[in-house]
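All remarks here apply to the structure that follows.
Nothing in this text is a laboratory measurement; each read-out follows from the coordinates by a stated rule. The model shown is predicted, which means the values in this text are computed figures rather than measured ones. Quick reminder, even Gly has a Cβ in these numbers, built from the backbone with ideal geometry, and neighbours come from all protein chains shown.
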Amino acid sequence: MYYFQIFSIIGSIVLFALVINFIRLGLLKEKYSVLWLAAALVIIILSLKKEILDYIAKFLGVAYPPSLLFLVAFIFVLLIILHFSVVISILHERNKVLAQEITLIKSALKESGIDIKGRDKKEKQDNPRI
Amino acid sequence: MKDSKQKILIIIPAFNEEANIGSVISNVRKHVSEADIIVVNDGSGDGTARIAEAGGVTVLHHPYNMGIGATMQTGYKYALLNGYNVAVQVDGDGQHPADQIQYIIKPILEDKADIVVGSRFLGKGDYKPSIARGAGMAVFSRVVSFIIKEKVTDTTSGFRAAGRDCITFFSNHYPDDYPEVEALVLLHKKGFSILEVPVKMFERAGGRSSITPVRSVYYMIKVLLAIFVDLLKRT
């Protein structure tokens, strides 16, 4: 076993453990952990079974098999970032809809005599209607 | 169309427009007295909110700055919620003269189009854009005219009137930033009829345009990209 194998196995195990721990602490939703765990597992397998790594490297024409690990890790990182971009876009849209609803609800409340300005609390106390 | 009285809503989006918003409101009220007016204050940090409230119109306040697209959409959602048949966009910066509003409303009231766009380039007024801006506008005009197979001269005009169906559509789908050009393509894709009418416009009375030279490059790229993506998108 080469040092690079030991190094990447340890690294992947640490990553795997971190992700699991984050899920356990509620800091990470399972939904967003799948790609991280998959990346860690694939890298562990490729590092443990050097034959697989060598085989794929030969097939792809990569002269130095360990560099294939970088490629695999890079592809996973790209996938994870792309996933985040999609998630951010969804959140952006939902956030917009929420803010618009709040805007409309506040306006409707104001029309029925309830003024929730939020910013200047002083005015609220002076307002006898509330 | 039914004979019942048409409910008209003038939507004025405003972000840091304290210099103009007061006169815009009073002009609109003077020229289109039958319409209701709302100002959508997009998280302004200046006196826009105070001046608009003092103008005696309904003011909707965004909790934070969300951009012109979301601001217009809030206006359309309000129009839908409150049962308006016609919604008119009038910029809060004073470049859309209130006395021109009647011309863009008319075709909607007569049921001639789903959306009416006030165009600066159909003979009325003497609007002269800078060379760079004029070139950009010409590109958009060509691209949009080609896509919707109908001549559109002023695609970036934010001076528009929308009918009931359009209001409903905009409440659910409205582009985020620099929405004017993209909205036309979306409407066409949905089968809405678009009509341009000649209007006069002012140069901005005060404040700064949202489109600075640096942003204009981003603007061009973003809008063109958005148009092509819209063509591929299923909605």
The ³J(HN,Hα) series, computed from each phi in segment B:155-172 with the Karplus coefficients 6.51, -1.76 and 1.60 at θ = phi - 60°, rounded to the nearest Hz and given as x for glycine or proline, is 6, 8, 5, x, 9, 9, 10, 10, x, 4, 5, 5, 4, 4, 5, 4, 5, 9
Of all DSSP beta bridges having both residues in segment B:8-232, the percent classed as antiparallel (nearest 5) is 25
Partner shielding of A:94-103, as the mean number of partner chain Cβ atoms within 10 Å, equals 6
Percent of all alpha-carbon pairs of segment A:3-126 at distances over 25 Å, whole number, is 52
Out of B:Gly69, B:Ser216, B:Ile147 - ranked by how far each Cα lies towards the positive end of the dipole of segment B:8-232, with unit charges on the beta-carbon of charged residues - the top one is B:Ile147
With +1 on the Cβ of every Lys and Arg and -1 on the Cβ of every Asp and Glu, the dipole magnitude of segment B:8-232 about its Cα centre, in debye rounded to the nearest 20, is 500
Nearest 10, in degrees from 0 to 90: the angle of helix A:3-24 to the longest Cα principal axis of chain A is 30
Rounded to the nearest 5, the percent of antiparallel DSSP beta bridges in the protein assembly as shown equals 25
Per the rule of 0.36 nm per residue minus the C-alpha distance, extending A:Glu93 to A:Lys50 adds in nm 11.0 nm
Between the modelled labels at B:Lys5 and B:Asp126 (7 Å from Cα along Cα→Cβ) the distance in nm is 4.1
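Work out the FRET efficiency for B:Thr168 and B:Ile148 from their Cβ-Cβ distance, taking R0 = 25 Å, and round it to the nearest 0.05.
0.80
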Scalar couplings 3J(HN,Hα) for segment B:12-21 by Karplus 6.51 cos²θ - 1.76 cosθ + 1.60 (θ = phi - 60°), nearest whole Hz, x for Gly and Pro, are 10, x, 9, 10, 6, 10, 4, 6, 10, 4
For segment B:78-84, Karplus-derived ³J(HN,Hα) couplings (6.51, -1.76, 1.60; θ = phi - 60°; whole Hz; x for glycine and proline) come out as 4, 4, 5, 4, 9, x, 7
The FRET efficiency for B:Ser216 and A:Met1, from their Cβ-Cβ distance with R0 = 45 Å and rounded to 0.05, is 0.15
Segment B:35-72 scanned against label point 7 Å out from A:Leu109 along Cα→C-beta; backbone N under 18 Å for B:41, B:43, B:59-64
For B:Lys30, counting only lysines whose alpha-carbon sits under 20 Å away and dropping same-chain residues fewer than eight positions off, the answer is B:Lys5, B:Lys7, B:Lys106, B:Lys200
Listed residues B:Leu80, B:Leu187, B:Leu225; largest mean-square fluctuation, Gaussian network over chain B with Cα springs below 10 Å, found at B:Leu225
Exposed trypsin sites (Lys or Arg not before Pro) being those in a DSSP loop with at most 15 other Cβ atoms within 10 Å, the longest stretch of chain A free of them is A:50-116
Chain B, Gaussian network, Cα under 10 Å: of B:Tyr103, B:Tyr219, B:Tyr64, the residue fluctuating most is B:Tyr64
Here Rg/Rh (Cα, Kirkwood) for the protein assembly as shown equals 1.12
Chain B, Gaussian network, Cα under 10 Å: of B:Val144, B:Val214, B:Val197, the residue fluctuating most is B:Val214
Hits in segment B:99-114: amide N under 20 Å from the 7 Å Cα→Cβ extension of B:Ser33, namely B:99-106
Least to most buried among A:Ser85, A:Ser47, by other C-beta atoms within 10 Å and fewest first, runs A:Ser85, A:Ser47
For A:Lys31, the aspartates and glutamates lying under 18 Å Cα to Cα, once residues fewer than eight places off in the same chain are dropped, come out as none
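How high is the FRET efficiency from A:Leu71 to A:Ala17, r the C-beta distance, R0 35 Å, rounded to 0.05?
The value I calculate is 0.90.
With only Lys, Arg, Asp and Glu charged, each at its Cβ (+1 for the first two, -1 for the last two), find how big the charge dipole of the protein assembly as shown is about the Cα centre; round to the nearest 20 debye. The partial results should precede the final answer.
Values: 43 positive and 35 negative charges, 98 e Å.
The calculated dipole for the protein assembly as shown is roughly 460 debye.
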